[in-house]
1. What number, in percent, do you get for the relative contact order of region 37-193 if the mean sequence gap of Cα pairs under 8 Å and at least 6 apart is divided by its residue count?
2. So what are the ³J(HN,Hα) numbers for region 136-143, from phi and the Karplus equation (6.51, -1.76, 1.60; θ = phi - 60°), rounded to whole Hz, Gly and Pro as x?
3. Give me a comma-separated list of calculated 3J(HN,Hα) values for region 144-159, in order, Karplus coefficients 6.51, -1.76, 1.60 applied at θ = phi - 60°, integers in Hz, x for any Gly or Pro.
4. With all protein chains present, how much of the accessible area of region 37-193 (probe radius 1.4 Å) comes from carbon and sulfur, to the nearest whole percent?
5. Could you sort out which of LYS39/LYS100; LYS53/LYS168; LYS103/LYS168; LYS39/LYS121; LYS103/LYS158; LYS53/LYS158 sit more than 20 Å apart by Cα distance in this structure?
6. Let me have the relative contact order for region 33-79, percent, based on Cα pairs under 8 Å that are six or more residues apart.
7. Give the residue list of GluC sites (Glu not before Pro) in region 67-157 that are DSSP loop and have at most 10 other beta-carbon atoms within 10 angstrom.
8. Please give the per residue accessible area of region 37-193, computed with a probe of 1.4 Å over protein heavy atoms only, in Å².
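The values are calculated or read from the model by the stated rules, or taken from the named source; none is laboratory data. Only a predicted model underlies this, so the values are computations on that prediction, with no experimental measurement involved. In this analysis, Cβ positions are derived from the backbone assuming ideal geometry, glycine residues included, and neighbour counts consider all displayed protein chains. What goes into the accessible areas is simple: the full protein's heavy atoms, side chains included, and nothing from ligands, DNA or RNA. Shrake-Rupley method; radii C 1.70, N 1.55, O 1.52, S 1.80 Å.
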Amino acid sequence: MVSLRNGNSGQKPKGIHKGALHHQVTPERPSGNPTDIVKTLENILSNDTSLNKVNLNNIENISQEVLVSFADALISNTHVEVFSLANTHADDQVAFALAKMLKKNCSITNLNVESNFISGKGILALIGSVQYNTTLVELRFHNQRHICGGQVEMEMVKLLRDNTTLLKLGYHFDLPGPRMSATGILTRNQDRFGKHQPCQIRSLGD
């Protein structure tokens with residue numbers, strides 16, 4: 001659910017893609033997701049302190065340009081902690097925008113892009129960006145239309161080694177080698193995070 005506070009209504013904030021303004025609010029979407037696309041974008045750009053979760057999961061017919069606008073808006077936002085856009089047909093264009101955002105954003109702790117159309121190149125861009133991010137603790141990208149493959153999985157592990165704060169990775173590795181290496185990296189990060197914190201590592205083999 002998205003927590004929203006009314007503000008800046010009636011005006012188009014700078015940075016919102018024009019296509020977003022034509023995406024009407026449809027409370028009876030088949031997906032059941034009631035998120036108001038335009039108002040949520042406005043609140044992200046205005047850095048609304050009441051907005052800490054953005055859920056775009058399963059929204060029908062949301063364009064890639066609008067998803068990119070969300071990523072761009074989040075670059076300077078300091079309050080949104082959870083951003084979910086599973087099953088929105090997000091592709092590499094969106095993944096690259098999210099990767100750019102993660103290099104600069106300092107508030108998002110959970111990012112979910114599961115069940116989309118992101119290729120291995122887009123996934124590597126996302127994972128590569130976490131080298132510059134010390135806030136994100138969970139990244140979920142399982143069940144893409146494109147299969148990553150063994151080479152991409154090995155590259156993932158190489159990139160993950162440079163991050164010390166990611167605690168959960170929502171992806172099922174096909175190869176046992178990269179899977180074991182990734183589990184070891186997350187365990188290392190969890191140990192550094194502190195024994196006083198509850199364990200947040202999910203088995204990647206499940």
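1. The value is 17 percent.
2. In residue order, the calculated couplings are 5, 10, 9, 10, 10, 9, 5, 6 Hz.
3. 7, 4, 8, 7, 5, x, x, 5, 5, 4, 5, 5, 4, 4, 4, 6
4. Whole-percent figure for carbon plus sulfur exposure: 50.
5. LYS39/LYS100; LYS39/LYS121; LYS53/LYS158
6. 56 percent
7. Within region 67-157, no GluC sites (Glu not before Pro) qualify (loop, at most 10 other Cβ atoms within 10 Å).
8. 40 Å²
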